[in-house]
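The values are calculated or read from the model by the stated rules, or taken from the named source; none is laboratory data. The shown structure was predicted, so the numbers you read here are calculated from the model rather than taken from an experiment. Note that each Cβ is placed from the backbone with ideal geometry, even for glycine, and that neighbours are counted across all protein chains shown. Side chains included, ligands, DNA and RNA excluded: accessible areas come from the protein's heavy atoms. Shrake-Rupley method; radii C 1.70, N 1.55, O 1.52, S 1.80 Å.
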Amino acid sequence: MNVLVTAGPTREPIDPVRFVSNRSTGKMGFAVAQAAAEAGHAVTLIAGPVTLDTPPGVRRVDVTTALEMLAAVERELPACDVFVSAAAVADWRPETCSPTKLKKGEMDGVLRLVRNPDILKTILPRKGTRVFVGFAAETGEPTAEAGRKLHEKGLDLIVANDVTAPGAGFAVETNRVTLLFPDGRHEALPLLRKTEVARRLVATFATLGR
Ligand code: CTP
């Protein structure tokens, strides 16, 4: 199958030296891309700004902002059978980006933000027969929120995790996740390396595909 994966944060510029972003390091999404390639799928990885090496055999497209990520997803979507949206897309961006470094005297302590598009919701009308997989990073018990996002975003599978739980979340090698399906089925996985979570996820979405 042709598998499209997004990974990492997006970075929303304030000026040439400052930005708004989040703590995603891209580990989980890169692990999914690697596991999918190792399973024999053709993988395209759209990566936000991260410091990870491209997994062998994976075609990588680098982006910075949420708008650039959306444009890349829209370009790559027609060729994919499975879309895994693992990126931590910034929900807001500064209303304006100064072309020159803002001097502190020019700033009044208020940063005006505007909403970024929701990538999954934007492309949902073009889903067709594709399998869509999302992630829900929550603080606290994640399954209720993840269930809401699964339905709102038209997903076939959502990977829920509590990013504040021991061994889970950002910049660590392990994760504890629950897989949720549209029919209400839940599968709670034990604490595993992100590479192993990724392998199980690839095995699971392969069964949902054509
Ligand atoms: N996502 C997306 N576009 C966005 C934000 C999120 O496509 N602008 C995707 C993520 O890649 C993930 C899923 O939506 O697969 C859930 O992301 P999450 O940040 O957990 O949720 P939000 O939709 O941002 O909702 P909330 O802010 O209410 O938690």
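Can you report the number of residues in the stretch 126-149 which are assigned to a loop (DSSP other than H, G, I, E, B) and without any contact (Cβ under 8 Å) to a residue 60 or more places away in the chain? Outline the logic, then answer.
Filtering the stretch 126-149 down to residues assigned to a loop (DSSP other than H, G, I, E, B) leaves 127-130, 139-142.
Subsequent filtering for residues that are without any contact (Cβ under 8 Å) to a residue 60 or more places away in the chain retains 127-128, 130, 139-142.
Residues flagged as assigned to a loop (DSSP other than H, G, I, E, B) and without any contact (Cβ under 8 Å) to a residue 60 or more places away in the chain within the stretch 126-149 amount to 7.
Any residue at all in the stretch 91-111 that's part of a helix (DSSP H, G or I), open to solvent by less than 20 Å² (accessible area, probe 1.4 Å) and within 16 Å of the ligand (Cβ to nearest atom)?
For the stretch 91-111, residues part of a helix (DSSP H, G or I), open to solvent by less than 20 Å² (accessible area, probe 1.4 Å) and within 16 Å of the ligand (Cβ to nearest atom): absent.
Step by step: first the residues of the stretch 159-173, then only those that are among the small types (Gly, Ala, Ser) and more than 10 Å from the ligand (Cβ to nearest atom), then the one that is farthest from Arg193 (Cα to Cα). Which residue is that?
Just the residues of the stretch 159-173 that are among the small types (Gly, Ala, Ser), to begin with: 160, 165, 167-169, 171.
Subsequent filtering for residues that are more than 10 Å from the ligand (Cβ to nearest atom) retains 165, 167-169, 171.
Working: Ala165: 14, Gly167: 9, Ala168: 10, Gly169: 12, Ala171: 12 Å.
Filtering first and then ranking leaves Ala165.
Return yes when Gly169 is in contact (Cβ under 8 Å) with a residue 12 or more places away in the chain and either crowded, with 16+ Cβ neighbours inside 10 Å or in a loop (DSSP other than H, G, I, E, B) (or both) and no when it is not.
Values: in contact (Cβ under 8 Å) with a residue 12 or more places away in the chain: yes; either crowded, with 16+ Cβ neighbours inside 10 Å or in a loop (DSSP other than H, G, I, E, B) (or both): yes.
In short, yes.
Within the stretch 47-100, how many residues are hydroxyl-bearing (Ser, Thr, Tyr), in contact with a Leu (Cβ under 8 Å, 6 or more places away or on another chain) and farther than 19 Å from Met28 by Cβ? First the steps, then the outcome.
Pass one, the stretch 47-100, residues hydroxyl-bearing (Ser, Thr, Tyr): 51, 54, 64-65, 85, 96, 98, 100.
Among the residues that remain, those that are also in contact with a Leu (Cβ under 8 Å, 6 or more places away or on another chain) are: 54, 85.
Of the ones still in play, those that are also farther than 19 Å from Met28 by Cβ are none.
Residues flagged as hydroxyl-bearing (Ser, Thr, Tyr), in contact with a Leu (Cβ under 8 Å, 6 or more places away or on another chain) and farther than 19 Å from Met28 by Cβ within the stretch 47-100 amount to 0.
Going through the stretch 177-190 one residue at a time, which ones are away from the ligand (no atom under 16 Å from the Cβ) and in a loop (DSSP other than H, G, I, E, B)? Outline the logic, then answer.
Start the filter on the stretch 177-190 by keeping residues that are away from the ligand (no atom under 16 Å from the Cβ), which leaves 183-190.
Those that are away from the ligand (no atom under 16 Å from the Cβ) and in a loop (DSSP other than H, G, I, E, B): Asp183, Gly184, Arg185, Leu189, Pro190.
Name the residue, out of Asp62, Asp53, that is without any contact (Cβ under 8 Å) to a residue 24 or more places away in the chain, open to solvent by 50 Å² or more (accessible area, probe 1.4 Å), within 14 Å of the chain's Cα centre (by Cα) and away from the ligand (no atom under 16 Å from the Cβ).
Within the list Asp62, Asp53, the selection yields Asp62.
(1) within 15 Å of the chain's Cα centre (by Cα); (2) open to solvent by 70 Å² or more (accessible area, probe 1.4 Å); (3) within 21 Å of Arg199 (Cβ to Cβ): which one isn't true of Arg176, the others all being true?
Against the list (1) within 15 Å of the chain's Cα centre (by Cα); (2) open to solvent by 70 Å² or more (accessible area, probe 1.4 Å); (3) within 21 Å of Arg199 (Cβ to Cβ), Arg176 comes up short only on (1).
Mind checking which residues of the stretch 148-158 are within 22 Å of Leu192 (Cα to Cα) and more than 8 Å from the ligand (Cβ to nearest atom)? First the steps, then the outcome.
We begin by selecting, within the stretch 148-158, every residue within 22 Å of Leu192 (Cα to Cα); these are 157-158.
Hit for the stretch 148-158 is Leu157, nothing else.
Can you tell me which residue is surrounded by the fewest Cβ atoms within 10 Å (Cβ to Cβ) among those in the stretch 112-125 that are part of a helix (DSSP H, G or I) and either free of Cβ contacts under 8 Å to residues at least 60 places away in the same chain or out of contact with any helix residue (DSSP H, G or I) (no Cβ under 7 Å at 6 or more places or on another chain) (or both)? Quick ask: steps written out before the conclusion?
Pass one, the stretch 112-125, residues part of a helix (DSSP H, G or I): 119-125.
Within this subset, residues satisfying the condition of being either free of Cβ contacts under 8 Å to residues at least 60 places away in the same chain or out of contact with any helix residue (DSSP H, G or I) (no Cβ under 7 Å at 6 or more places or on another chain) (or both) are 120-125.
Values: Leu120: 21, Lys121: 11, Thr122: 12, Ile123: 20, Leu124: 14, Pro125: 8.
The extreme case among them is Pro125.
Hey, does the stretch 67-85 have a residue that's surrounded by 14 or more Cβ atoms within 10 Å (Cβ to Cβ) and within 19 Å of Gly169 (Cα to Cα)?
Looking through the stretch 67-85, at least one residue is surrounded by 14 or more Cβ atoms within 10 Å (Cβ to Cβ) and within 19 Å of Gly169 (Cα to Cα).
Which pairs turn up if I take residues in the stretch 82-96 that are within 11 Å of Arg115 (Cα to Cα) and free of Cβ contacts under 8 Å to residues at least 60 places away in the same chain and look for partners that are in a loop (DSSP other than H, G, I, E, B) and not aromatic (Phe, Trp, Tyr) with beta carbon separation below 9 Å, at least 6 apart in sequence or on another chain?
Asp91/Asn116; Asp91/Asp118; Glu95/Leu111; Glu95/Arg112
Within the stretch 61-84, track down each residue that is of a type in the set (A, V, I, L, M, F, W, C), in a helix (DSSP H, G or I) and more than 21 Å from Ile158 (Cα to Cα). Break it down stepwise before answering.
We begin by selecting, within the stretch 61-84, every residue of a type in the set (A, V, I, L, M, F, W, C); these are 61, 63, 66-67, 69-73, 77, 79-80, 82-84.
In the following step, the residues that additionally are in a helix (DSSP H, G or I) were identified as 66-67, 69-73, 77, 79.
The answer is Leu67, Ala71, Ala72, Ala79.
How many residues are under 28 Å from Thr100 (Cβ atoms), open to solvent by less than 20 Å² (accessible area, probe 1.4 Å) and over 12 Å from the mean Cα position of the chain (by Cα) when one looks only at the stretch 15-50?
1
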